[in-house]
1. Identify, please: which residue in the range 142-156 is touching a Leu at 6+ places or on another chain (Cβ under 8 Å) and not in a loop (DSSP other than H, G, I, E, B) and is, among those, farthest from residue 217 (Cα to Cα)?
2. Step by step: first the residues of the range 99-136, then only those that are touching a helix residue (DSSP H, G or I) at 6+ places or on another chain (Cβ under 8 Å) and charged (D, E, K, R), then the one that is farthest from residue 73 (Cα to Cα). Which residue is that?
3. Here's a check for you: in the range 190-203, which residue that is in contact (Cβ under 8 Å) with a residue 40 or more places away in the chain and either hydroxyl-bearing (Ser, Thr, Tyr) or part of a loop (DSSP other than H, G, I, E, B) (or both) is farthest from residue 75 (Cα to Cα)?
4. Could you list, in sequence order, all residues of the range 27-54 that are loosely packed, with under 14 Cβ neighbours inside 10 Å and of a type in the set (S, T, N, Q)?
5. Could you run through the range 248-282 and say how many residues are within 20 Å of residue 93 (Cβ to Cβ), crowded, with 21+ Cβ neighbours inside 10 Å and free of Cβ contacts under 8 Å to residues at least 60 places away in the same chain?
6. Kindly check whether there is at least one residue in the range 103-121 that is assigned to a loop (DSSP other than H, G, I, E, B), farther than 20 Å from residue 281 by Cα and modelled with pLDDT of 95 or more.
7. Among (1) of a type outside the set (Val, Ile, Thr); (2) outside any loop (DSSP other than H, G, I, E, B); (3) under 29 Å from residue 195 (Cβ atoms), there is one condition residue 16 misses while meeting the rest; what is its number?
8. Please state which one of 220, 303 is assigned to a helix (DSSP H, G or I) and touching a residue at least 40 places away in the same chain (Cβ under 8 Å).
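The values are calculated or read from the model by the stated rules, or taken from the named source; none is laboratory data. The shown structure was predicted, so the numbers you read here are calculated from the model rather than taken from an experiment. Cβ placement follows ideal geometry from the backbone for every residue including glycine, while neighbour counts extend to all protein chains displayed.
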Amino acid sequence: MKILFIDTVHPFLKQELEKQNHICDTAYDKSKAEIQEIINNYQGIIIRSRFKIDKEFIDKASNLNFIARAGSGLENIDVDYAESKNINCYNAAEGNRQAVAQHALGMLLSLFNNLNKADQEVRNGIWEREGNRGIEISGKTIGIIGYGNNGSAFADVLKGFGVTVLAYDKYLNNYSYQSSMEAIHKEADIVSLHVPLTNETTYLVDNEFINRFAKDFHLINTARGKCVNTKHLVSALEKGKVKGACLDVLEYEKTSFENLRKEGLTEEMQYLIDSNKTILSPHVAGWTAESNVKIAEVLLRKIENTSIKTT
């Protein structure tokens, strides 16, 4: 096959595909319009999040066998339309599941133990012990919403912390820690999101969702920024209904996830930046040295099993 790398991934993937006599070209500096002009020459695409693979693009890609995304979600790809054209759509959630899980745990531990605040104080000559007294995860109930690769990996890393895990996934049956949303609303001290971004999950966390919880709770979001309504979250943080938030993803990210939008520094965003109730990171939960390689390995296996179109 001829395969076009639109985004950079670990070089292992290109090297291994070329060993199998596939022709691999790169288009890292080409615009979407430029790529559309040549995409009919290719049977495969490797992409992260540079732009949307929409109907217009897919119609130009008349010889495409697969679209492989080096990441968890497929929201920048019109999967239904692609599959209607017999184009396989691959992600690599198996490759960064452990990275996401440990990042979620790390953010939670940092927030509970005031590590960011304490670190800055010590660096500035402040030795404040009582003001940095932490709280323990042990004894807490953690609600995991979405129990695919990332949600189940998060449950695994929580073993040994003495927590109760309640997991809810609308599309799975007979999985570990299976619970209902009603039970999570009633029991959870901490809620962690591990869902894809769809019409159903856009603004999943809003005032209605937040106010259903019997307890004040902490929120972790390593899924997608638009799963959380930021205005509603900030209001809940101000009122204390949400006690703290660990946010690796933000509503104000660009589509490519590489930067915040120019209008990203809203009043609500400034609150998140200034608050000691929040831990923020730049959409890097799945980005480790190890996951970079594993994502390439996962995509290689899936591409190797691709059925070639015949015309």
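1. Within the range 142-156, the first condition is being touching a Leu at 6+ places or on another chain (Cβ under 8 Å), and the residues that meet it are 142-148, 154.
Subset that is not in a loop (DSSP other than H, G, I, E, B): 142-145, 154.
Working: 142: 10, 143: 10, 144: 13, 145: 14, 154: 18 Å.
Applying the filter and picking the extreme gives 154.
2. Only one residue fits best here, namely 128.
3. Just the residues of the range 190-203 that are in contact (Cβ under 8 Å) with a residue 40 or more places away in the chain, to begin with: 190-198.
Going one step further and asking which of them are either hydroxyl-bearing (Ser, Thr, Tyr) or part of a loop (DSSP other than H, G, I, E, B) (or both), we end up with 192, 194-198.
On the way: 192: 20, 194: 14, 195: 11, 196: 8, 197: 6, 198: 7 Å.
Looking at residues that are in contact (Cβ under 8 Å) with a residue 40 or more places away in the chain and either hydroxyl-bearing (Ser, Thr, Tyr) or part of a loop (DSSP other than H, G, I, E, B) (or both), I get 192.
4. Correct list: 31, 40, 41.
5. Of the residues in the range 248-282, 1 are within 20 Å of residue 93 (Cβ to Cβ), crowded, with 21+ Cβ neighbours inside 10 Å and free of Cβ contacts under 8 Å to residues at least 60 places away in the same chain.
6. Keep residues of the range 103-121 that are assigned to a loop (DSSP other than H, G, I, E, B), which gives 113-114.
This time we only want the ones that are farther than 20 Å from residue 281 by Cα, so: none.
No; the residues of the range 103-121 include none that is assigned to a loop (DSSP other than H, G, I, E, B), farther than 20 Å from residue 281 by Cα and modelled with pLDDT of 95 or more.
7. Single failed check for residue 16: (3).
8. Values: 220 fails: assigned to a helix (DSSP H, G or I).
Only one candidate passes the filter, namely 303.
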